[in-house]
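These notes concern the structure reproduced below.
Just so you know, all these numbers are worked out from the coordinates, no wet-lab data involved. Because the structure is a prediction, the values reported are computed rather than measured. Here the Cβ is made from the backbone with ideal geometry for all residues, glycine too, and neighbour counts use every protein chain on show.
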Amino acid sequence: MGEILFLAHRIPFPPDRGDKIRSHHLLKELVRMAPVHVACFGETDGDMAQEGALKQVAASYRLARRTRPLWRAGVEALQSGKPVSLTAFDDRPLRAWVDHAVANRGIDTIFVFSGQMGQYVPEHFSGRVIVDLCDVDSAKFDAYARTGSFPRRWIDAREGRLLAAEETRLAQRADHTLLISENEAALFASRQPQGAQADVQVLRNGIDHRFFDPQSAAPHHKLATEPGPHFVFTGQMDYAPNVAAAERVAARILPAVREQYPTAQFHIVGRAPVAKLRALDGRNGVRVWGEVPDVRPFLAGADIVIAPLDIARGVQNKVLEAMAMARPVLLTPEAATGIDAADGEHFAIAADDAALVRRALALLADGAAALSMAAAARRFVVERQGWPAMLAPLAGLVGKRVTEQRRDAA
């Protein structure tokens, strides 16, 4: 059996954000099938400190520090006619390492995690290629372009157009192209040129429900002792859709709730909050926590976990985590995409601000119903969303058998 080359735009350790959670579990499963060589990027000192974890599981690896500023990547992208997303992850030494590994390591399968890394697949490679796009990034930039102002609107429209062409190229190059949900797969197919040939498959996200277990963490002491009710939103807080969702709650949802519950608080939990979010801390019931060592105490202490996203690609890990922690989840249709749970049974869906407020007040008014929904959410995740079940199709796609004796990337 041949070996596997795994290309990822971020080091898959630690699994503490959406894309890294998925790449981490994919790598764990691939290592059970064959020796895996890994080429990936680190962006922070924390990322680079995970080199030891990567070394433990990879047959060989190249961890490159990504230092190119976004403005410079933008200038280079304009000069080359490429998407900024690809230029930002273009690294000549990493490309040389990949070429050497393909030439000398007996690699018969390349697994590309995220479209930015497709540029590293050698043109002459004749083995199997699997591209995990996760979601349709080009559609996200198209959405930004529709709502943004000039010149950002022009930049996002350009990025969406060029990324769409790259996604099509990768899908035609790959043996299999993976998307995270049926909705994303259908969206991707709808955006392909007429006559384009691609094998598009769905590989869903899972959840580690043994880690995200309500018995595993007590509520954070601030949420347990301070007046509430407490609303919690988690995520990467320099990511534009998360920023917009947090602002939405702080500006429109929380004030309406506080008309009936004057001590209600909204907790923004996640790394790298942008300045306009940090400025909200301590004002009108808003708390901005930034990066925390463990998100579970905040979820455990939430009366409602809220996810009012207007733009959401793929499956929202933040929603699955809250469901696994048996908390009532209030979310928009966009945030519910790709999770086959039932509105009113496993979570509460509302599209506009007024509906979000109504459903929040209803959950707060009927604590027994809220707890029943939360318990049903936990059962749903345990029974239907575990990683082993989600990754079961992977061996068939890669064309290799799982061998339990191989090193585990735990």
What is the magnitude of the charge dipole of the stretch 257-410 about its Cα centre, with +1 placed on the Cβ of each Lys and Arg, -1 on the Cβ of each Asp and Glu, and no other charges, expressed in debye to the nearest 20? 540
Please sort by residue number the GluC sites (Glu not before Pro) in the stretch 300-352 whose DSSP state is loop and whose Cβ has at most 15 other Cβ atoms within 10 Å. GLU345
Between the stretch 286-320 and the stretch 1-50, the Cα center-to-center distance that results, in Å: 24
Along its principal axes, what span do the Cα atoms of the stretch 221-384 show, with the longest given first and each in whole Å? 40, 32, 31
Cut-off under 14 Å on the C-alpha distance; same-chain residues fewer than 8 positions from LYS222 excluded. Which aspartates and glutamates are left, in chain and number order? ASP303
Using the alpha carbons of the stretch 300-375, what is the convex hull volume per residue in cubic angstrom, as a whole number? 73
Please work out the Cα center distance from the stretch 82-158 to the stretch 340-410, rounded to the nearest Å. 29
Based on DSSP H runs of at least 4 residues, each adding -39500 (n - 2.57), what is the mean residue ellipticity at 222 nm of the chain after dividing by all its residues, to the nearest 500 deg cm²/dmol? -12000 deg cm²/dmol
Search the structure for amide H atoms under 5 Å from the amide H of ILE207, placed 1.01 Å from N in the peptide plane, and list their residues when 5 or more places away or on another chain. GLY386, TRP387
Note: the chain at 20 °C, 1.002 mPa s; Kirkwood Rh on alpha carbon pairs; Stokes-Einstein D in µm²/s works out to 96
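Which of the residue pairs LYS82/LYS276; LYS20/LYS400; LYS28/LYS400 have a Cα-Cα distance greater than 21 Å in the structure shown?
Flagged as over cut-off: LYS82/LYS276; LYS20/LYS400.
Quick one: putting +1 on the C-beta of Lys and Arg, -1 on the C-beta of Asp and Glu, what dipole do you get for the chain around its Cα centre, in Debye to the nearest 20?
Values: 50 positive and 48 negative charges, 123 e Å.
Here the chain has a charge dipole of around 600 debye.
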